[in-house]
Every structure is written in structure tokens, then in C-alpha cells.
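Please treat every number below as a calculation from the coordinates, not as lab data. In this text, all values refer to a predicted model and were calculated from it rather than measured experimentally. Don't worry about glycine lacking a Cβ; one is built from the backbone with ideal geometry, like all the others, and counts go over all protein chains shown.
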Amino acid sequence: MTSETLTWVVAAATTAAVILRPFHWPEAIWAVAGAIVLIALHLLSPQEALAGVSRGTDVYLFLVGMMLLSETAREAGLFDWMAAHATRRANGSATRLFLLIYGVGTLVTIFLSNDATAVVLTPAVAAAARTAKVKHPLPYLLTCAFVANAASFVLPISNPANLVIYGSRMPSLLQWLPLYAAASVASIVVTYLMLRWTQRASLRQSVATDVPQPCLSQGGRYAAAGIAATAAALLAVSACDQPLGLPTALLGMITAAVVLFVERRKPWRTLRGISWSVLPLVAGLFVVVEALAKTGAIALLASGLEAEAVRSVAFASWTAGSVVAVASNLMNNLPVGLIAGSAVQAAHVPEPLVRAVLIGVDLGPNLSVSGSLATILWLAALRREGHRVSAVRFLALGCLVMPPALGVALAAAWLFG
């Protein structure tokens, strides 16, 4: 077996272990184990592995900032306050509550990124379900996972993968909006309609109307201000085409420090509540990508994209978008985005093909729990709230929701982009 073949075997086994979680061990253990195996088999040198880890620095900083914001807001009672407001506005209607949560998830994804929807919104939705005393909370929690990917290409900051795909050739905000506006609307609307249809039986339930409205503490107000400031900062930083990680981490730390000071609490409880295992998980995936790049996969993909684009841009766009969407679920869209982004930048392909690849990377992960980092973060948040969703159940739902949304989004991008 050649070293290239062995690298792909290790990468496939690592991805499968991250998805299936043998022995119920955390995903991070399997990602790190895959990286160690690559080094042990001399498929990757320690220096190359460290280079792969270092490529994720901006992602680590971004996640740390978002997780700090989420945990700080949760402990300050912001989510409970939001949950009570949403439940009161639902006026006893389960479907209205569903629409409200989907709408909020769309806004959070657009202005704070899909990872923020998974980390920040999921605890709030779990709190809303408890406050509403619903018998079936899962439909509301599922909206957090699906809208996180469906709305993740409205703006460049809506998904860190967007920055990876374009690299140094990122369009300005005013250029981005007309390119992706129609596709984004199509993705958001079709995903909502399909998700609403699949959950119609569970949404025939009562929602409490006699919900007490808690007072928002001073710490909660500061946490809300910190989240709003982060959204504004990310828009400004994105407009300047700068990395998002450092400002997100700094604002997360400042917000946490202010809230802890105001409420006179020690930081240990907040730090213990953060899912730190996400960081080694991402680092392990970056090492796997580094090994795959060494096999020449990126050069091969780049030449293939160039050849197909010469034959037919339309056919190449639809094929690339669909293949990347499926591949994102087999390998996770973070490594797929890194590989596809490198190939697109090396090939200098037409803009319609780039759009199709980006939509596939962003929206394709709605097929399975392993598709995106946002969905993995969502699963971690669910476990913390005491809920479980099996990979098989999510896949069955994803097979109904994702393909029509992807097809309509690709069509809209081609027709109106």
C-alpha cells in the first residue's frame, strides 16, 4: 500500500470514528488519535503536523470567544430571559414558537456566524422549551442545527468556511450581497419549509401561556451588550478583510470579565462550563487536512476543476456543489472547505463555480451530524442540556431537508448571482 493510499485510509477511519464515536468517547479523542497515527506511520512529520495545527489559529480564537460569550450569557440568565420572551410571544402556538426560534437563529447566524448559533442559541432554545413546558422539545432544538448551515452564506462572516474558500480574493461586502442574496433566501426558506413539514406531528402540542417574566440582571444586560458588540465588530472586521478570531476572543474575554466583576463571581464555574474538547477536535482535523494535501489531492482537484470549467461552467458548478456537499458529510466541511478552497484558489475557476463550491461546503453539512463544526458544537450543547439525537435519526431527517434546499440554492445562485 502506498503512503498516499494509507493516508486516505487513516483519514477515512478518523472521520468515521469522529462520526460514530466508538465506546461513546468524545469526538476529540478520535481526531487527535488520527493525527497521532499519521505521525507514527511517518505519513506526516511532527513539523508538518504542527504547521497543520497552526493553520487553525484563527478558528481556535473564534471558538474560544464564542464559547466564552455563550457560557457567560447562560450563567447571567440572559438565555432564560430570552426564553420567557419568546414563549410569551408565541401566545400558546407551537408553530409560532417554531417560527420565532427559526427567525432568531437566522439572525444570529447572519451576524454572529453558524458556530455562534450552535453555541449561543442552543442553550437559549433549550431554556425556551423548558419554559414553554412543551412535550416534544426536539423540533425547536433542530432548528438551531439546520438554520446554522442554511443561513451561513448570507454574509462573509456567517461561516468561517467562507473566508477559507475565497482566501485573499474575498469579495467586498457590497459585492458579496448580490452574489449570494437569492441563494441565501432560497436556502433559508426551503430549509424552514422542509423542517416544518417533517416536524408537523411533533408541533401539534400545547405551549404554556402563563409564563413568568424574569428580570434581566445587570450581568445579563452586559452579556447582551457584549454579544451585540461582537456582532458589530465582526461586520467591521469582515469589511476590512481581516481575520475574525482575535477580535472575537478579545470581546469574549472582556465580556466575561465585566460580567464576572459585576456579579462578583469567580471564573472557575464559567471556565468549567465551556466545551474545551472542541479545540483539539478542530486541531486534529487540521492535521488530517495537512496530510491529505501532501498526497497531491489539492493539485489533482485544481486541474480537474479547470478542465470541467472549460467544457461547461454550468455542469462543473452543479457537479462541484453537489460533490462538495456530500464530501462535507463524509469528512466534515472544515477539512473539505480547506481542500476545496485551496483547489479553487489554485485553479482560478470562474465565479459561478466558486459560488457553487461555497454553497456546497456551507449547506451540504445539513445532511449529517458530522457535516460541520457547527453541528458538532450543537451536539455538544444538546448533551449538556440533557438531550440526545442519534446520527441515524439526524441522517434520516437530513436526507429530506438538505437536498431540496441545496438544489434550489444552487439554481438561485446560477440564475441570479
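Given the C-alpha centroids of the stretch 148-189 and the stretch 306-370, what is the distance between them in whole angstrom?
14
Whole-Å semi-axes of the stretch 294-417's equivalent ellipsoid, largest first, each the root of 5 times a Cα gyration tensor eigenvalue?
Its equivalent ellipsoid spans semi-axes of 29, 17, 10 Å.
Could you estimate the translational diffusion coefficient of the chain from the Stokes-Einstein equation, with Rh from the Kirkwood formula over C-alpha pairs, at 20 °C and 1.002 mPa s, in whole µm²/s?
This corresponds to a translational diffusion coefficient of 99 µm²/s.
Taking residue 294 as the anchor, which aspartates and glutamates have their alpha carbon closer than 14 Å to its alpha carbon, excluding any fewer than eight residues away along the same chain?
4, 48
How do the peptides 352-358, 98-104 rank, highest first, by the average count of neighbouring beta carbon atoms within 10 Å per residue?
My ranking of the peptides, most packed first, is 352-358, 98-104.
List the trypsin sites (Lys or Arg not before Pro) within the stretch 209-311 that fall in a DSSP loop (any state other than H, G, I, E or B) and whose Cβ has at most 12 other Cβ atoms within 10 Å.
Sites meeting the loop and neighbour criteria: 264.
Using Cβ counts within 10 Å as a stand-in for footprinting exposure, how do 192, 180 rank, fewest first?
192, 180
Which listed residue (380, 104, 78) has the Cα farthest towards the positive end of the charge dipole for the chain, taking +1 on Lys and Arg C-beta and -1 on Asp and Glu C-beta about the Cα centre?
Result: 78, furthest along the dipole toward the positive end.
Which angle between 0 and 90 degrees, to the nearest 10, do you get for helix 333-347 versus the longest principal axis of the chain when only C-alpha atoms count?
40
With just the Cα atoms defining each centre, how far is the stretch 13-54 from the stretch 79-133? Give it in Å.
35
Show which aspartates and glutamates lie in cross-link reach of residue 135 when reach means a straight Cα distance below 20 angstrom and same-chain residues fewer than eight apart are skipped.
Within the straight-line cut-off, residue 135 pairs with 80, 210, 385.
Using a 7 Å offset from the Cα along the Cα-to-Cβ direction at both residue 314 and residue 236, what is the distance between the two label points in nm, to one decimal?
Reported label-point gap for residue 314 and residue 236 is 4.6 nm.
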